[in-house]
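This report concerns only the one structure given below.
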Amino acid sequence: MAPRISYVPVESMDPRMQEEMHRCAREGTPRPESSAVRAHAPNAFWAFADSWKAIFHDGILDHSIKELCRVYISRTVRCEFCGNQRSIKATTAGLLEQQYDELLNFESSLRYDQRQKAALAYTEAIAWRLDVDDAFWGRMHDQFTEPELVELGCFVGLTFGQQSWLRLLDIEHHEVLPGTAASMAPGFEDADALAARKASADYWAARSPERAT
């Protein structure tokens, strides 16, 4: 099958773009494959890279909360490329792999604190276009400042749009600048491990996405 949109060869990129591609391979989130697709339009490449750094890696809201929301979106739109990545920064800060397992049942889970649950409820409302009431907004303002709500809303909008697009492209890991496992989820560290994990009966994307209950 021909690729939906091809990868731009790294060697054909300008030096600054090549440097960012090697950063993606070394640090991940994003991994190099999605960046190699965006490289067809350098303005889009840098618009995403700069926005992602400013409101995901940096910003005022706890990065680990944004990482949970990012993977919640992955589970919702079933973007396997994004859902099989993990933020090294969030893992280093103490976010546990088990906390990703109950994202679609976050309200009843004991793995999240009230602030994390509120952030996930906000993400859910955006992704599923829910009607919300004053109690919802009271909950949000109890947990977050208005600048934090703006940053998280913009981040969810960015990752929801990008993940919906990347799901359509059906790109895969370990295809551009292979040989590193940076920011890959456990069990997806190389192409063979990834293929075996995706073939397993309990692979997360084998289930249809559903709203949290």
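The values are calculated or read from the model by the stated rules, or taken from the named source; none is laboratory data. Note that the structure is predicted; figures quoted are calculated from it, not measured. Note that each Cβ is placed from the backbone with ideal geometry, even for glycine, and that neighbours are counted across all protein chains shown.
Has the range 55-62 got at least one residue that is assigned to a helix (DSSP H, G or I), free of Cβ contacts under 8 Å to residues at least 40 places away in the same chain and more than 9 Å from the chain's Cα centre (by Cα)?
There is at least one residue in the range 55-62 that is assigned to a helix (DSSP H, G or I), free of Cβ contacts under 8 Å to residues at least 40 places away in the same chain and more than 9 Å from the chain's Cα centre (by Cα).
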Review point. In this structure, does Glu146 turn out to be closer than 24 Å to Cys69 by Cβ and crowded, with 16+ Cβ neighbours inside 10 Å?
Key: no
Study note, to complete from the structure: Of the residues in the range 89-144, those that are more than 17 Å from the chain's Cα centre (by Cα), over 24 Å from Asp58 (Cα atoms) and free of Cβ contacts under 8 Å to residues at least 12 places away in the same chain number 11
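How many residues does the range 178-209 hold that are assigned to a loop (DSSP other than H, G, I, E, B) and either farther than 30 Å from Asp62 by Cβ or free of Cβ contacts under 8 Å to residues at least 60 places away in the same chain (or both)?
Filtering the range 178-209 down to residues assigned to a loop (DSSP other than H, G, I, E, B) leaves 178-183, 185-190, 199-203, 207-209.
In the following step, the residues that additionally are either farther than 30 Å from Asp62 by Cβ or free of Cβ contacts under 8 Å to residues at least 60 places away in the same chain (or both) were identified as 178-179, 181, 187, 189-190, 199-203, 207-208.
Looking only at that region, the number is 13.
With more than 25 Å from Val150 (Cα to Cα), without any contact (Cβ under 8 Å) to a residue 60 or more places away in the chain and not in a loop (DSSP other than H, G, I, E, B) as the only criterion, which of Glu11, Glu33, Glu67 stands out?
The conditions single out Glu11.
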Point to revise | Evaluation of Trp46 against (1) under 29 Å from Leu104 (Cα atoms); (2) modelled with pLDDT of 95 or more; (3) not acidic (Asp, Glu) (one fails), failing number | key: (1)
Point to revise | Matching residues in the range 77-114 - criterion: being closer than 25 Å to Gly28 by Cβ and of a type in the set (D, E, K, R) | key: Arg78, Glu80, Arg86, Lys89, Glu97, Asp101, Glu102, Arg111
Review point. Looking at Tyr112, Tyr100, which is the one that is modelled with pLDDT under 95, under 12 Å from Cys69 (Cβ atoms) and of a type in the set (Ser, Thr, Tyr)?
Key: Tyr100
Check your understanding: Of all residues in the range 140-172, which are in a helix (DSSP H, G or I) and aromatic (Phe, Trp, Tyr)?
Key -> Phe155, Phe160, Trp165
Revision key, fill the gap. If you go through Arg129, Arg115, Arg70, Arg111, the only one that is out of contact with any Lys or Arg (no Cβ under 6 Å at 6 or more places or on another chain), buried (at least 22 other Cβ atoms within 10 Å of the Cβ) and basic (Lys, Arg) is Arg70
